[in-house]
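Notes follow the structure.
The values are calculated or read from the model by the stated rules, or taken from the named source; none is laboratory data. Quantities reported herein were computed from a predicted structural model and do not represent experimental measurements. Every residue, glycine among them, receives a Cβ derived from its backbone with ideal geometry; neighbour counts consider all protein chains shown.
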Amino acid sequence: MRSIKNALDFGAAQLKNVCDRPRYEAQILLCHATKLSRVDLVVKEQTQVDTTRFESMIARRAKGEPIEYITGLASFYSREFICEKGALIPRPETEALIDRAIDLTKDFDAPIIAEIGAGSGAVAVTLAMLSPNIRVIASDISGAAIRVARKNIERFQVADRVKLIQTNLLDGVDDDFDALISNPPYVRADYPLPKPASFEPKAALIGGKKGTEILEAIIALRKPVLACECGYDQETTLREALKKNGYKMVEFYKDYAGLTRGFTAKQ
Ligand SMILES: C[S@@+](CC[C@H](N)C(=O)[O-])C[C@H]1O[C@@H](n2cnc3c(N)ncnc32)[C@H](O)[C@@H]1O
């Protein structure tokens, strides 16, 4: 048992070399462990609480495990998605891919969007949540990712409009869609990943020796309308692949840091 204040002091001290906002993360973990609200933490700071669960969460976080895997939740496009180790933690920069997909399909009354690499399902579910007219067919090669995506589809009750298929790229998927989108693995095999990424599935991050292999395989599918996330240093390679595969209208977009983060392309 500890007082709330003492628990937060302890947690923040344990996390001070692990993250940028140790006290804030300690608050999140304490709320999660005790089911208290953030307001409770302030108004009841002298109250004694059982901190067994909190301390074990702090110990995991102190070893570098991402907070999303500890709480089991990750925030994406203003919603909280179930987040488990079999699937990549959705990243804020991928929100730009959602905006591109919406823009590419804005002229369709009831667009069907295909996604390669559903992961947690955050992208597919978000698209379905943005309009009741959107349908998504999302593939993933990983059974573990498919299981997490299925949980998010249930959580947000979009099973009637988001279909999942465990397959390589689009193998076995009908061509009956209006746009193909993907945030595939695009990190090169010898890239030194930061510590938190070592807790994520390698197959969700590593795109091959160069990093662009899966992106190039997606481009080679020659689907008429395409939007993908990519690495900041992959524009030249991907422009070449897009040209070779007949794409004429190609636009690369940047992230908030001003770095190349993805592209849209039409045949
Ligand atoms: C970077 S994660 C993206 C997950 C999610 N869409 C997101 O943006 O958070 C890439 C996903 O692609 C999947 N993947 C890797 N190779 C694949 C392939 N050949 N075919 C289908 N999915 C693949 C991985 O299992 C992983 O879930």
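Here are the numbers for this structure:
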read-out	value
Odd one out for residue 91 among (1) under 18 Å from residue 152 (Cβ atoms); (2) buried (at least 18 other Cβ atoms within 10 Å of the Cβ); (3) of a type in the set (Lys, Arg)	(2)
Which numbered condition residue 60 fails, given (1) in contact (Cβ under 8 Å) with a residue 12 or more places away in the chain; (2) more than 15 Å from residue 155 (Cβ to Cβ)	(1)
Any chance residue 119 is within 14 Å of the ligand (Cβ to nearest atom) and either in the same structural domain as residue 164 (by TED's automatic domain parsing) or closer than 18 Å to residue 255 by Cβ (or both)	yes
Criterion: within 16 Å of the ligand (Cβ to nearest atom), surrounded by 16 or more Cβ atoms within 10 Å (Cβ to Cβ) and either not small (Gly, Ala, Ser) or not assigned by TED's automatic domain parsing to the domain that holds residue 196 (or both) - qualifying residue of 55, 84, 65, 25	84
Long-range neighbours under 9 Å by Cβ, at least six apart or interchain, first residue within 21 Å of residue 80 (Cα to Cα) and more than 7 Å from the ligand (Cβ to nearest atom) within the range 123-146, second among the charged types (D, E, K, R) and assigned to a helix (DSSP H, G or I)	125/155; 126/95
Residues (surrounded by fewer than 19 Cβ atoms within 10 Å (Cβ to Cβ) and among the small types (Gly, Ala, Ser)) located in the range 214-240	217, 220
Number of positions in the range 173-213 that are hydrophobic (A, V, I, L, M, F, W, C), surrounded by fewer than 22 Cβ atoms within 10 Å (Cβ to Cβ) and under 21 Å from the mean Cα position of the chain (by Cα)	8
Elements of type strands (runs of 3 or more DSSP E) contained in the range 77-168, each with 2 or more residues being within 30 Å of residue 28 (Cβ to Cβ) and either of a type in the set (D, E, K, R) or in contact with a Leu (Cβ under 6 Å, 6 or more places away or on another chain) (or both)	79-82, 135-140
Residue, farthest from residue 177 (Cα to Cα), within the range 93-116, restricted to residues that are free of Cβ contacts under 8 Å to residues at least 60 places away in the same chain and within 11 Å of the ligand (Cβ to nearest atom)	95
